[in-house]
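Structure record follows, encoded as structure tokens.
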Amino acid sequence: MTIARMSRPARRSRLPGRCPGGWHRAILCAAWPVVGLLLAVPLASASGLLTPGVGAADLAISGSNVARPLSASQAQFINPAGLAGFTEHAVYGGPGIVFARGELNAEIPEGYDKSNNMVVLLPDLGLVYPTGRWTFGWSVHGSSGSEFEYGAEPELGIEDGFYSSNAILGAPAGAAYRVNDHWWLGAEIIPLYASTKLRYTNPYVPELGAGPVPYRFEVDGLGLQASFGVTWMPDERWSLGFGFRPPGRIWTDGFMRLPSGSKQDVTLEIEAPSETAFGITCRVTKRLTLSYGFRWVDANVFGDAYFRFEKTPSADSPYLPDAQDEWRTSLGAQYTLTEQWELRSGMGFGSAIVGNKGVNPMSYDVQDLTFSGGFGYSSGPWTFDAAVNAMVGAERDVPIEDALVIPGEYTTHPALFFALTITRRL
């Protein structure tokens, strides 16, 4: 028996605007020398497929401060109007690291019990440049990503096992304008880069009249999206923020070798999902600030994106099967101890974006319940922000009638995410 990734029937269509092969690689070499470092590992927290936020300061409050983000990178991630809150020239950067573990206990084939351990590096970097009423910013961050690997068990009919690595990287360049003491406006353009690697076995390919056929390939490419934001401060205590990303587009391509030794082109056109965020921040006392954030991501569009195979169209399959929208809420608190020290804590909850009929060894997630904490320390021109984000473990039980590939229990064990951001004001 060969267990393989299965796909639902798809209507084959022409892909408009497909990027010519190779041009995106030239641009990356010339303009994005940092991309190779960032994409050496998956770009996401271990909780699921969409990261809750970026920047150590905002991760410590679970990304709740949409109105006035604590880091410039988070402003460019959730609400570009928040850039207006940064009135000093600065550069920033720092490492992050995720420790996570997943486990699959299959119902069929019985005895296929595998684990997936991850140690993931997540760099964060950028700069801010204020001038007059304007603040300009540039940053690099990951907006989604995952890595799954469950090995082969030939005696159980699983010849190659399963492997997938997905990452979407954003490098936004934006600006915010301080209209007055009450209103900030912001906008940005977001170049995107996506990379996907897959390895699985197709039990039978009609066009080849053969099976099983190993499918191993990588596609990558560039895309584009935009973001807009507004922050309103009715008085010194309250701030309300709103961020919106309209849909974007990413064009990727690559190739794979067939058993005969020939090649076939593989293409994937992804709609970067639209996103809406809203938040309220209240300075309760001189030392205590509380914040609430809400985010909706139109992640179901990942299910409408298909891998297209030039010579074996019967193998066309969705990028993320049974994808669903993400709804996420978060709460955060900041407490100022001294002029130099600030303590932070938060919690967040996000829905799973892979439906039960899409769960498989190469893409699954769980409901995301996280608790976070951290601190900020400033001394002269330097600021150090540190955070730890802990996700509660959860399980997905997939019965035979829902199984896309393998029925059974998919477990995400408790995971930890440590982050440090160092800022140098110029």
**Request:** Working only within segment 82-115, note down all residues that are assigned to a strand (DSSP E or B) and among the aliphatic types (A, V, I, L, M).
**Result:** Ala90, Val91, Ile97, Val98, Ala100, Leu104, Ala106
**Asked** Does segment 214-228 contain at least one residue that is in a loop (DSSP other than H, G, I, E, B), free of Cβ contacts under 8 Å to residues at least 60 places away in the same chain and either on the phi > 0 side of the Ramachandran plot or in contact with a Leu (Cβ under 7 Å, 6 or more places away or on another chain) (or both)?
**Response** no
**Fill in**
Of Gly376, Gly408, the only residue that is in contact (Cβ under 8 Å) with a residue 60 or more places away in the chain, at positive phi and more than 19 Å from the chain's Cα centre (by Cα) is Gly408
**Request:** Would you please name the residue that is surrounded by the most Cβ atoms within 10 Å (Cβ to Cβ), looking only at residues in segment 379-412 that are in a strand (DSSP E or B) and of a type in the set (D, E, K, R)?
**Result:** Asp385
**Complete:** If we keep only residues of segment 337-366 that are of a type in the set (S, T, N, Q) and buried (at least 16 other Cβ atoms within 10 Å of the Cβ), then the residue nearest to Asp113 (Cα to Cα) is Asn360
**Fill in**
Given the conditions (1) more than 30 Å from Met256 (Cβ to Cβ); (2) surrounded by 16 or more Cβ atoms within 10 Å (Cβ to Cβ), every one holds for Leu426 apart from (2)
**Message:** Consider segment 116-168. How many of its residues are within 30 Å of Leu70 (Cα to Cα), free of Cβ contacts under 8 Å to residues at least 24 places away in the same chain and not in a loop (DSSP other than H, G, I, E, B)?
**Reply:** 2
**Asked** Just one of the numbered conditions (1) modelled with pLDDT of 95 or more; (2) in contact with a Pro (Cβ under 7 Å, 6 or more places away or on another chain) is not true of Gly63; which one?
**Response** (1)
**Hits in segment 203-249 (condition: among the β-branched types (Val, Ile, Thr) and at pLDDT 95 or above)** = Val219, Val230, Thr231
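A quick yes/no check of all residues on (1) surrounded by 21 or more Cβ atoms within 10 Å (Cβ to Cβ); (2) among the polar types (S, T, N, Q):
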residue: Pro130; (1), (2): no, no
residue: Pro154; (1), (2): no, no
residue: Phe162; (1), (2): yes, no
residue: His182; (1), (2): no, no
residue: Asn202; (1), (2): yes, yes
residue: Glu218; (1), (2): no, no
residue: Gly221; (1), (2): yes, no
residue: Gly243; (1), (2): yes, no
**Message:** Just the residues that are touching a residue at least 40 places away in the same chain (Cβ under 8 Å) and in a loop (DSSP other than H, G, I, E, B), please, taken from segment 181-208.
**Reply:** Asp181, His182, Pro203, Pro206, Glu207, Leu208
**Message:** Would you confirm, using the coordinates I've provided, whether Thr252 is modelled with pLDDT of 95 or more and either surrounded by 21 or more Cβ atoms within 10 Å (Cβ to Cβ) or of a type in the set (Asp, Glu) (or both)?
**Reply:** yes
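The values are calculated or read from the model by the stated rules, or taken from the named source; none is laboratory data. Predicted model only: the values in this text are computed from it and were never measured. All Cβ positions, even for glycine, are placed from backbone atoms using ideal geometry, and neighbour counts span all protein chains on display.
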